[in-house]
Amino acid sequence: MLSIGSNLGDRLAYLSSAAEALADVLVVASPVYETPPWGPVEQGDYLNAVLIVDDPGTDARGWLERAHELERAAGRERTIRWGPRTLDVDVVHVEGVTSDDPELTLPHPRAHERAFVLLPWADADPGAELPGYGPVAAILTGLPDELTRRDDLAVRA
């Protein structure tokens with residue numbers, strides 16, 4: 001499962017570009033949410049969504065490589081940690097895989113703290129579970145509700 005977000009330029013177009021590039025492996029795209037930025041850098045609000053993808057031929061490292069390719073294609077520059085970005089793609093969960101590799105920790109080490117990941121994921125897959133934490137819907141009950149569902153927007157593949 002991939003979490004995607006953008007807060008620069010045509011945010012929805014950047015999210016859709018990721019879905020389009022993954023159209024052959026895309027199972028479902030979640031609804032879009034608008035989210036205030038997190039971290040010490042002042043910046044605009046994000047649009048966030050989740051892409052549930054399936055490709056038996058792609059392992060966890062392959063998903064990370066694809067995520068980086070999508071970010072590069074969107075012109076992402078990694079100049080400021082937690083700074084604004086055209087496209088952010090995080091590998092959150094790969095079925096059956098756990099990893100403590102610093103380059104690819106799975107499940108994502110902060111997913112359980114991020115409503116902007118969990119709420120779209122629960123929408124896309126109501127029975128989703130985050131390994132080590134349990135049902136996504138249950139994790140959400142302890143998180144602040146600072147998201148706005150944007151039913152006027154949709155990620156298109």
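Along the charge dipole of the range 89-157, Cβ charges K/R +1 and D/E -1, which of T148, A138, P107 sits furthest on the positive end? Looking along the dipole axis, the top candidate is T148.
Per residue of the chain, what 222 nm ellipticity follows from adding -39500 (n - 2.57) for every DSSP H run with n ≥ 4, rounded to the nearest 500?
Values: 4 runs with 40 residues, N = 157.
So the calculated ellipticity at 222 nm is -7500 deg cm²/dmol.
Residues in the range 5-15 carry Karplus couplings, in order, of x, 8, 9, 10, x, 7, 4, 5, 5, 5, 4 Hz; the curve used is 6.51 cos²θ - 1.76 cosθ + 1.60 with θ = phi - 60°, and Gly or Pro positions show x. Near D101: Cβ cut-off under 13 Å, other residues only, Lys/Arg at +1 and Asp/Glu at -1. The net charge is -2. Per-residue 3J(HN,Hα) values for the range 109-114, derived from phi via the Karplus relation 6.51 cos²θ - 1.76 cosθ + 1.60 with θ = phi - 60°, read x, 10, 4, 5, 9, 10 Hz in sequence order (x marks Gly and Pro).
Rank these for me by crowding, I4, I139, I52, going from fewest to most other beta carbons within 10 Å.
Least crowded to most crowded, the residues run I52, I139, I4.
Overall shape: rounded for the range 2-149, with the ratio a/c of the largest to smallest alpha carbon gyration tensor axis below 1.5. For E129, the amide hydrogen comes within under 5 Å of the amide hydrogens of V136, counting only partners 5 or more places away or on other chains and with H modelled in the peptide plane.
Projecting each Cα onto the charge dipole of the chain (Lys/Arg +1, Asp/Glu -1 at the beta carbon, about the Cα centre), which of W38, L15, I80 comes out farthest on the positive side? Checking the options against the dipole of the chain, the answer is I80. A Cβ-based charge dipole, computed about the Cα centre of the range 2-149 with Lys and Arg at +1 and Asp and Glu at -1, lands at about 340 debye. Would you give the gap between the C-alpha center of the range 37-64 and the C-alpha center of the range 77-124, rounded to a whole Å? Cα centroid of the range 37-64 versus Cα centroid of the range 77-124: 5 Å apart. Placing +1 on each Lys and Arg Cβ and -1 on each Asp and Glu Cβ, with no other charges, gives the range 88-157 a dipole about its Cα centre of roughly 160 debye.
No lab work stands behind these numbers, since they all come straight from the coordinates. The model shown is predicted, which means the values in this text are computed figures rather than measured ones. With ideal geometry, Cβ positions are generated from the backbone for all residues, glycine too; neighbour counts draw on all protein chains shown.
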